[in-house]
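A short worksheet on the structure shown next.
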Amino acid sequence: MSPHTMSHGPEPVPALPARVGVWTLRPVPSTPLDGGLPLPATARAYTARRGGSAPAFRVEIQRVLSHPLRGCYPVGARDLLLALQPLTPQPEPETAALLDALTRALFGADPHCRRIMAAPDAEDVPGQERYAAGHFRTVAEADLHERTVTLMVVEPPQVTEVSTALDDMPH
């Protein structure tokens, strides 16, 4: 977006390719499985399957700016929220491989994205473990209107490799 272009809300989420790693992604309607509010028009939802198997996961991606989490931390305009819901029981290595492939694909599709977040319920230990296996790290808890969530993030190397040591700062 040029500096002279006015923004009217969050940027649409970039489309993902039909394949990420060994996973096949198929776009699906943006009605959340959890019965919550419909995803915004700028969001995307997919099912993910490995090979010819039945869909194993539902993947939902939206800009944090279009979610109530936007008031819970200093959000970047291009930050993404990723929700991964298993549709069938999956071993941890499968889940970690999918999360790794998804985060690489999302950072590749939007090079200006500096953070991908996940927000499992604070009491959902298996959900937190699922994201941790995919290289997400816990940064805080946040109270939303209806629940408390654990904020987890993954950032690209160009963000995480920046030194924060005072001696390394430009003078």
**OP:** Would you mention how many residues in the range 94-115 are in contact (Cβ under 8 Å) with a residue 60 or more places away in the chain and open to solvent by 40 Å² or more (accessible area, probe 1.4 Å)?
**Re:** 4
Subject >> Filter pass, ALA118 being crowded, with 18+ Cβ neighbours inside 10 Å and either among the acidic types (Asp, Glu) or in contact with a Ser or Thr (Cβ under 9 Å, 6 or more places away or on another chain) (or both) >> reply: yes
Subject >> Lone unmet requirement of (1) at pLDDT 85 or above; (2) closer than 25 Å to GLU129 by Cα for GLN90 >> reply: (1)
**OP:** Inspect all residues belonging to the range 54-62 and state whether any of them is farther than 18 Å from ARG130 by Cβ, polar (S, T, N, Q) and at pLDDT below 90.
**Re:** no
**OP:** From (1) buried (at least 19 other Cβ atoms within 10 Å of the Cβ); (2) over 29 Å from ARG19 (Cα atoms); (3) at pLDDT below 90, pick out the condition that doesn't hold for LEU166.
**Re:** (1)
Subject >> Residue within the range 128-138 that is surrounded by fewer than 16 Cβ atoms within 10 Å (Cβ to Cβ), of a type in the set (Val, Ile, Thr), touching a strand residue (DSSP E or B) at 6+ places or on another chain (Cβ under 6 Å) and more than 21 Å from ARG63 (Cβ to Cβ) present >> reply: yes
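The values are calculated or read from the model by the stated rules, or taken from the named source; none is laboratory data. Predicted, not measured: the structure shown is a model, and the values here were computed from it. So basically every Cβ, Gly included, is an ideal-geometry build from the backbone, and we count neighbours across all protein chains shown. All accessible areas refer to the heavy atoms of the entire protein, side chains included, with ligands and DNA or RNA removed. Shrake-Rupley method; radii C 1.70, N 1.55, O 1.52, S 1.80 Å.
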